[in-house]
1. Under a 1.4 angstrom probe, counting protein chains only, how are 58, 437, 94 ranked by accessible area, largest first?
2. Go through the stretch 266-279 residue by residue and turn each phi into a ³J(HN,Hα) via Karplus (6.51, -1.76, 1.60, θ = phi - 60°); whole Hz please, and just put x for glycine and proline.
3. Taking 0.36 nm per residue of separation and subtracting the Cα-Cα distance, what length does fully extending residue 236 through residue 124 add?
4. Rounded to the nearest 10 Å², what accessible area does residue 450 show when all protein chains are kept and the probe is 1.4 Å?
5. Quick query: amide H of residue 274 versus all other amide H atoms, modeled in the peptide plane; which residues come in under 5 Å with a sequence gap of 5 or more or a different chain?
6. Give the accessible area for residue 379 in Å² (nearest 10); use a 1.4 Å probe, count only protein heavy atoms, and leave out ligands, DNA and RNA.
7. Could you work out [θ]222 nm for the chain from helices alone, using -39500 (n - 2.57) per DSSP H run of at least four and dividing by all its residues? Round to the nearest 500 deg cm²/dmol.
8. Given a 1.4 Å probe and heavy atoms of the protein chains only, how would you sort 195, 95, 336, largest accessible area at the top?
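The values are calculated or read from the model by the stated rules, or taken from the named source; none is laboratory data. Just so you know, these numbers come straight off a predicted model, no measurement behind them. All Cβ positions, glycine included, derive from the backbone under ideal geometry; neighbour counts span all protein chains shown. Accessible surface areas use protein heavy atoms only, side chains included; no ligands, DNA or RNA. Shrake-Rupley method; radii C 1.70, N 1.55, O 1.52, S 1.80 Å.
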Amino acid sequence: MDVKLLKSSKPPPELPAKRKPTNAKALCIISVTTVLAIACFTMGLFFHIHKPTHLILDDRLTMRVNMPYFQWWKDTTDVVVTCRMFIFNVTNSDRWLEGLDEQLHLQEIVPIVYRELLEHENVTFHESNSTMSYVTRRRLEFLPEQNVPGILNRTIIVPNISLLGAAAKIENDNYFKKKAFNILYTMSGDAVFSRMTIYDYLWNTRPPFLEQVRKIVPSMVPSDNVGILKTMYEDAEDHVNVLHGKRHGHKRFFMINTYEYEPTVPGFSLARGDCFASIVNSSEGASYQQNLDEQSVLIYWRKTLCRAVPLYFDRRVQKGPLTGYKYVLPDGSYDRLPNSTADCYKGQYGLLEDGMTDTSKCSHDVPIVATSPHFYARSFTRAHHIRGMKPNRELHQSYIIADPSFGIPLDQVARTQTNLAIPKLTHYTSDIAQFSDMLIPMFWIEYHQKELPPYIVRTLQTFYVIRDIEPYLPYALYLAFLLLLTVAFREAARFRMQGRVAPSACTKKQRLAKL
């Protein structure tokens, strides 16, 4: 073999060794797991000290406008509240006037169903005393699908409440005033019983007697239309001020501070020396205090009832997926108080029996009294001339089923009956005097909120899921902290081992060539 050829032959040029790339993936994993581990430990420590459900309820106390619970309260479009009116029709008016029947026979008409729409507007927060003011508006919407066809055109016979109420109101006045009353009554051509449609009875009642009085003494008749619902809803706006914020705590959350700028029921004037009919710490029914328990008392205020009434714990009930606390109105809620001075509803035209509550201050001083429907749980001596009452606990008792944490009503029913309380009448015409010393049922009304919108129910469910897992949440986060830290250390160790460069095959060949 040619030696020159062997000497002149050169080994092939060595390729430059490839530079080992940095392990970016490992660095990323180390960074992310370390940050997550620190976050889990911090959150675990935070939730170990502060319970998530407590934070949610504390935040609700502030009623921040951008939070869901504020919007639930302000926009009640999805909350359906039905208003059912039960009217008593007199079936023997002629026989009773002729003295053939000793009792008035009353027949309850099938309910006329409306939906009550509630609006909250002009919300203003007062940081100085931690209260919130707003204007509430209520109106009714007829529900054709829930009513008997043509029900509003049905004709009924009812006592002439305006006429009889005016007579009862002036019973304690002098003889000459009663004589003038009888003259006006005769001139008007009115009668003690009125025949009209249900629609007119509810929305367009214009008795000839009132029209006659209005012509002669306009100041005595504030309105010539005394339709039941028209009168109840004629004052569209009410100004409410409620407590909110951590200063007042959970037990006084959203309780009424003033109504129409006063701490008393509208119609009761402290300046005039009226009884202190307080509505402080009551609720209009949209929400109640938080963290309810078996000792809590819910005070419900309703303008049509003309008073605030307390409801007491009865039992726990299941409402769909939620467990609510049921509070009921006691049978003795309208009984007379031992301290007569403190009893603002004992009656201003004579002492009322137990089970009656005076609402005349809210009814232009006409002697109107409220009772439970069909005189449930009470038997009145002044009602012995009435026949047709069929009291039933399930149909006539009022109650509230509230979520115990938020105080949001899951189901609530307010039921009350309006009656005309007529004292012993003297110096009136015989047909008017025949109603002497009677309690005449006019109608009874039911407001019923049956359920909450699904999205509110789901939110409450989520809250209770959080409440169930929150005792274990800090420890789960601590465990996640340890696992993430383990992953970070493992990746760091692997990255360090890969950083040690092993001898390559090319380096070994260079060493042999030198030898």
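1. From most accessible down to least: 94, 437, 58.
2. Residue by residue, the stretch 266-279 yields x, x, 9, 10, 5, 5, 8, x, 5, 5, 7, 7, 6, 10 Hz.
3. My answer for the length gained is 38.4 nm.
4. 120 Å²
5. 269
6. Per-residue accessible area (residue 379): approximately 110 Å².
7. Helix-only estimate at 222 nm: -9000 deg cm²/dmol.
8. 195, 95, 336
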